[in-house]
1. If a/c stays under 1.5 just call it rounded; otherwise compare a/b with b/c (prolate if a/b is bigger, oblate if not). Do that for the range 92-226, with a ≥ b ≥ c from the square roots of the Cα gyration tensor eigenvalues.
2. Which value, in Å², gives the accessible area per residue of the range 280-399 when a 1.4 Å probe is used on the protein heavy atoms?
3. Residue by residue through the range 114-119, what is 3J(HN,Hα) from phi via Karplus (6.51 cos²θ - 1.76 cosθ + 1.60, θ = phi - 60°)? Round to whole Hz and write x for glycine and proline.
4. Under a 5 Å amide H to amide H cut-off, with H placed in plane at 1.01 Å, what residues pair with residue 527 once short-range neighbours are removed?
5. May I ask what percent, to the nearest 5, of DSSP beta bridges between residues of the chain are antiparallel?
6. May I ask you to list the residues of the range 457-491 whose amide nitrogen lies under 15 Å from a point 7 Å from Cα along the Cα→beta-carbon direction of residue 440?
7. At residue 6 and residue 282, where each label point lies 7 Å from the Cα along Cα→Cβ, what is the point-to-point distance in nanometres?
8. Stick to Cα atoms and the Kirkwood definition of Rh, then tell me Rg/Rh for the chain.
Amino acid sequence: MNRKVTIEVKQLDRVVIRFAGDSGDGMQLTGDRFTAETASFGNDLSTLPNFPAEIRAPAGTLPGVSSFQLHFADHDILTPGDAPDVLIAMNPAALKANLRDVPRGATLIVDTADFTARNLKRIGYDANPLETGELEAYHVVPLNLTGMTIESVKEFGLSRKDASRAKNMYALGLVSWLYQRPTESTIQFLSTKFASKPDIRDANIAAFRAGFNFGETAEEFSVRYEVKPAKMAPGTYRNISGNLALAYGLAAGADRAGLPLVLGAYPITPASDVLHELSKLKRFGVTTIQAEDEIAAVGAALGASYGGALGVSTSSGPGISLKSETIGLGIMLELPLVVCDIQRAGPSTGMPTKTEQADLLQVMFGRNGEAPLPVLAAQSPADCFDVAVEAIRIAITYRTPVMVLTDGYLANGSEPWKVPTIADVPAIEPNFATELNGTDAQGKPVFLPYLRDPETLARAWAIPGTAGLDHRIGGVEKEDKTGNISYDPANHDLMVRTRQAKVDGVKVPPLTVDDPGDAAKVLVLGWGSTYGPIGAGVRRVRKVGGKVAQAHLRHLNPFPANLGEVLRKYDKVLVPEMNLGQLALLLRGKYLVDVVSYAQVRGMPLGAAELAEVIGNLVEETEGIDDDARHLGEAAANLKHGEALSVELHQSKGAR
């Protein structure tokens, strides 16, 4: 029967959608494709993939639920959203696991095929929630997505099991129709991905089109939604995840230094994608070594640096623990080395697929002896590119291992990225030693491998085999200038202090503070992936009249030179972190400022609304306005959407 009703098109400024199902239902692929469609349409976006920690949890169980959340808008946004406006649940477990996050009034599109008594009982439902009325607060759209998928692909002769696997594409087609997404890229993607399996290819494309056409004809949907493209600065954009941006940044930085890049890595969640991506870049002078363990991986990278390449090693917290001795050797040898820690929830194996910021103190101090090194942290997926380049600059300029911190949220999340040209990436000069640089006691010309640049305190870096520049290496203390083995107490004291002074002297830009009107008494200071939630929380508070300043640290060692001055300017400094207050501890110890720590370790990013409430309450308390019934915290938290700025172009590159 042809549809008789008129389809209304409703304008929205932003939407949060979450796809949820079994880990084998292809929810990550579905989310990726919807993200790609949204990116090509021109919306600003932010994503939050959420994987189960167990590799093969039993199907239909709560531990096996996988989800992908996408926030897209016609304006600049900072987070994947606190709560979904639409939940697509592919089975009862997906509904139950995610329902607590869905606000009343939101839309639930539910695949009813698996709502059997056995499956419901398995996850603790005594009765079918679609029939008991417990979902009355939501707009529920129950559909037999599996059944309709099987019907739509029956011409391809697939088994019922194989046919039902295309249900994620049916759901994607339906949601693509609902939000008017371009479909060409998904059809092209499916054509390429399943080119060697024509039946599977054709079935997935047919299911995708059937889902799209179902939306066009079904009585269940009388409204389509339109989210217009966001205003962005001119340029070429693509959607990019943190791990991909990190890989590209490492390759670009090495290229600008004129050095081959050698990555030594051992697979570990959530860092493995950096290894995968760099392994595709051989044509850009990248060599990847999948080592037998973490120790071998970082050893190979350090050896490459000794040989005149740029050594890089990537891992997550447990792997960084194993690399610590070799990182200490790199500090003693004073060679460039970039080590990337894509943090996950710990300790030990912890929750491998969940995010956390709890490795800060480990990378700062987790080595024997006085072993300082520079530490940087990325603030968004796209920012991983720039942080990688900056880490390479510091490593090469100062001849030192450098630690880069990202986390699972940044690694797997994505956002639009303005693609730079190679000329946009600053050149880095390795300045290899090529000739004798000193004289011995008899006045004879010699090579002094630990003769230092007076400005950077970097030692001479000579490629092995350079005529006349032979020198010792190893973990034993070096004599100043000559590099000879030395157990002299005074020399050891000098070398320890010199290595510390070199790191302390790394030039980093001053901390910039966003303080409209220069009238705030409260500063919110963050680092790493809390940038988005903090920014969204601050915007909410400002929208309800609160005065609050915001700053974000990229350089965690050394800190920007003006950090102490900034901290002492404000009555209160709030430091939100996904740990138990590690940055707060460092700030109190170094600057004697009693910052206010807000700490959460739930394996999930901080929420914008929860931060808005904390910030608003602190602003009220600090300004003494808690008795005037303004209730800034509550008002800011209850804003339906507080991330939008009225006038602002999307700034891209993560520096938003």
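1. Taking the square roots of the gyration eigenvalues as a ≥ b ≥ c, the range 92-226 is oblate.
2. That works out to 31 Å² for each residue.
3. 3J(HN,Hα) across the range 114-119, in whole Hz: 9, 7, 9, 4, 5, 5.
4. Result for residue 527 returns 553.
5. The answer is about 35 percent antiparallel.
6. Taking a point 7 Å out along Cα→Cβ of residue 440, the residues of the range 457-491 whose backbone N falls under 15 Å are 468-472, 482-485.
7. Result: 6.2 nm between the two label points.
8. When Rh is taken as the Kirkwood radius, the ratio is 1.02.
The values are calculated or read from the model by the stated rules, or taken from the named source; none is laboratory data. Quick caveat: nothing in here was measured; it's all calculated off a predicted structure. Neighbour counts are summed over all protein chains in view; Cβ atoms, including those assigned to glycine, are modelled from backbone coordinates with ideal geometry. These accessible areas exclude ligands, DNA and RNA; they are computed on the full protein's heavy atoms, side chains included. Shrake-Rupley method; radii C 1.70, N 1.55, O 1.52, S 1.80 Å.
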